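J.: Here it is, the structure, as structure tokens.
The values are calculated or read from the model by the stated rules, or taken from the named source; none is laboratory data. The structure displayed is predicted, hence computed values, not measured ones. Please note: Cβ atoms are built from the backbone with ideal geometry, for glycine as well, and neighbour counts cover all protein chains shown. The protein model used for the area step is the full one, side chains on, heavy atoms only, and it has no ligands, DNA or RNA in it. Shrake-Rupley method; radii C 1.70, N 1.55, O 1.52, S 1.80 Å.
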Amino acid sequence: MKFIFKLVLISFSLIFYSSVNAETIKWLHIQGDSSPEFPNYLRAAEDFEAKTGHTVELQYLENEAFKAKLPTMLQSDDRPHIIQSWGGGVMLAQYEAGLLRDITDLVPQSYLDNVSAAASDAFVVKGTRIGFPRNVSQVTWWYNKDLINEAGVDVSKIVMWDDLLAAVKQIKEAGITPICLGGKDKWPVHFIWTHLHIRNGGKALFLESFENGGWDRPEYIKSGEQMLQLVELDPFQDGWLSATWPDQAGFFGDGKCAMAFMGNWMIGAQKANSASGEGLGIENMGIFSMPMTNGALGESTDTLGGISGWLVTKTAPDAAVEFLMHMVSSEYQNDDASKGAYIPVVLGADKLLTNPILSNVASNIGASQYHQLFYDQFLGPDIGRVVNDVSTDLAAGIINPEEAAQLVQESWEFNQ
């Protein structure tokens with residue numbers, strides 16, 4: 001009888017201890033339930049809850065709503081504990097505002113040894129770890145093979161900027177909309193202008209401008225002039241200035257345009273936002289890198305993209321860090337890689353990529369000596385917002401290339 005009583009007492013004590021120490025982890029993400037990685041979000045949360053007794057509360061916001069609402073949410077007493085991040089200057093601003101937690105001592109080296117060092121270091125600020133990477137990406141030109149073939153375009157011959165312009169003309173002559181673009185959200189437009197910066201200016205000029213200014217240099221004005229060469233061909237779908245990024249993805253997935261300039265998340269997004277929910281099959285999509293420009297200081301292998309991941313906010317419990325290490329692990333990254341959800345950061349997971357486009361992107365990033373983070377993230381919230389605005393105003397014919405470059409320079413000076 002005493003033995004049974006002791007067992008009951010021990011069991012009660014364990015339940016009481018578990019309930020007292022159990023935490024609720026609030027995780028804010030931007031992947032909808034139709035995204036390819038979402039099933040493993042749920043599985044990782046459920047597995048972690050079963051293993052630890054903690055609760056993971058998934059909170060979803062669409063990409064643009066996330067960016068708009070996050071600053072206010074981070075000031076709230078009910079702030080999320082884990083948030084999406086693209087790193088760079090926006091992350092730095094959040095850190096300097098005291099909104100993020102130092103988790104350096106909670107992450108063992110044994111864990112970091114299994115993660116890409118370059119990706120992992122993107123979430124360290126001034127020696128302080130504040131988050132974890134999840135995936136890498138590259139912005140490329142996507143094309144619909146059926147429509148490109150119908151127009152008689154050979155994408156292998158699009159090597160220089162003038163080749164791209166010639167291809168756009170040829171596609172238009174075939175009665176096909178050349179490019180889908182989500183102008184309302186602005187950041188899709190900034191990809192074109194800033195990748196031309198990467199080609200015209202290269203890494204050294206970017207770093208010089210970042211440190212000492214000079215965003216109104218001739219190389220960057222040239223990018224604006226080249227962008228206007230494209231715009232003058234009227235290459236975008238009707239109403240592109242009022243179209244959102246999901247609209248852009250859906251148009252491409254529905255076969256309403258021949259090309260789009262976007263990151264490798266396009267695979268899942270074009271399917272999810274298409275009218276049928278099926279989008280284009282992987283066999284009917286291809287990619288090619290931004291062409292080179294005459295007199296370019298950059299290299300043809302220079303890439304634009306991101307290192308995305310998760311940040312831990314200042315009031316997050318230790319359990320939030322435990323969960324991130326659980327989620328960004330070989331179990332889930334290997335599975336997501338095999339399904340073509342994204343390009344993973346856990347070492348060895350990229351070998352499981354079966355999607356030929358993602359394999360191509362992984363190879364491009366591996367060959368790049370200069371992988372530039374998205375300008376609107378790297379340059380911080382203030383300058384980044386100006387870059388997005390002027391890119392769109394330039395494409396809309398509201399400002400000229402000199403004015404666009406000068407506005408970025410003025411924003412840089414204001415923020416020093």
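J.: Applying the selection to region 188-223, what residues are open to solvent by 20 Å² or more (accessible area, probe 1.4 Å) and either in a helix (DSSP H, G or I) or of a type in the set (Val, Ile, Thr) (or both)?
T.: Within region 188-223, Lys203, Ala204, Leu205, Leu207, Glu208, Phe210, Glu211, Asn212, Pro218, Glu219, Ile221, Lys222 qualify.
J.: Can you pull out the residues in region 129-172 that are of a type in the set (Val, Ile, Thr) and within 30 Å of Tyr111 (Cβ to Cβ)?
T.: The answer is Ile130, Val136, Val139.
J.: Another question about this same structure. Cβ-Cβ under 9 Å, sequence separation 6+ or interchain: first residue in region 111-133 and under 20 Å from Phe323 (Cβ atoms) and assigned by TED's automatic domain parsing to the domain that holds Pro344, partner at pLDDT below 90 and not in a strand (DSSP E or B). Which pairs?
T.: Pro133/Ala118
J.: Is it the case that Gly98 is of a type outside the set (Lys, Arg), part of a loop (DSSP other than H, G, I, E, B) and over 22 Å from Val56 (Cβ atoms)?
T.: So Gly98 fits the description; yes.
This table checks each residue for (1) basic (Lys, Arg); (2) touching a strand residue (DSSP E or B) at 6+ places or on another chain (Cβ under 7 Å); (3) open to solvent by less than 50 Å² (accessible area, probe 1.4 Å); (4) not assigned by TED's automatic domain parsing to the domain that holds Gly340.
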site: Tyr41; (1), (2), (3), (4): no, yes, yes, no
site: Glu46; (1), (2), (3), (4): no, no, no, no
site: Gly53; (1), (2), (3), (4): no, no, yes, no
site: Val56; (1), (2), (3), (4): no, yes, yes, no
site: Gln59; (1), (2), (3), (4): no, yes, yes, no
site: Glu62; (1), (2), (3), (4): no, no, no, no
site: Phe66; (1), (2), (3), (4): no, yes, yes, no
site: Pro71; (1), (2), (3), (4): no, no, no, no
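J.: One residue is enough: does region 106-119 have a residue meeting the conditions under 17 Å from the mean Cα position of the chain (by Cα), modelled with pLDDT under 95 and not in a loop (DSSP other than H, G, I, E, B)?
T.: Yes - at least one qualifying residue is present in region 106-119.
J.: Any residue at all in region 306-329 that's closer than 30 Å to Glu225 by Cα and assigned to a strand (DSSP E or B)?
T.: yes
J.: Check region 170-181 and report whether any residue there is closer than 14 Å to Ala396 by Cα and open to solvent by less than 20 Å² (accessible area, probe 1.4 Å).
T.: Among the residues of region 170-181, at least one is closer than 14 Å to Ala396 by Cα and open to solvent by less than 20 Å² (accessible area, probe 1.4 Å), which makes the answer yes.
J.: So, in region 230-247, exactly how many residues are part of a helix (DSSP H, G or I) and over 25 Å from Ile383 (Cα atoms)?
T.: Summing the residues that are part of a helix (DSSP H, G or I) and over 25 Å from Ile383 (Cα atoms) in region 230-247 gives 1.
J.: Restricting to region 282-301, name every residue that is buried (at least 23 other Cβ atoms within 10 Å of the Cβ) and over 23 Å from Ala269 (Cβ atoms).
T.: Gly298 - this is the single residue of region 282-301 that is buried (at least 23 other Cβ atoms within 10 Å of the Cβ) and over 23 Å from Ala269 (Cβ atoms).
J.: Of all residues in region 121-138, how many are crowded, with 24+ Cβ neighbours inside 10 Å, of a type in the set (A, V, I, L, M, F, W, C) and in a strand (DSSP E or B)?
T.: Qualifying residue count for the region: 2.
J.: Could you grab the pairs with beta carbons closer than 9 Å, sequence gap of 6+ or different chains, first residue in region 149-166 and at pLDDT 95 or above, second one among the acidic types (Asp, Glu) and not in a helix (DSSP H, G or I)?
T.: none
J.: If I filter region 89-110 down to residues being in contact (Cβ under 8 Å) with a residue 12 or more places away in the chain and exposed (fewer than 12 other Cβ atoms within 10 Å of the Cβ), which single residue comes out as nearest to Gln416 (Cα to Cα)?
T.: Of everything passing the filter in region 89-110, Gly98 is nearest to Gln416 (Cα to Cα).
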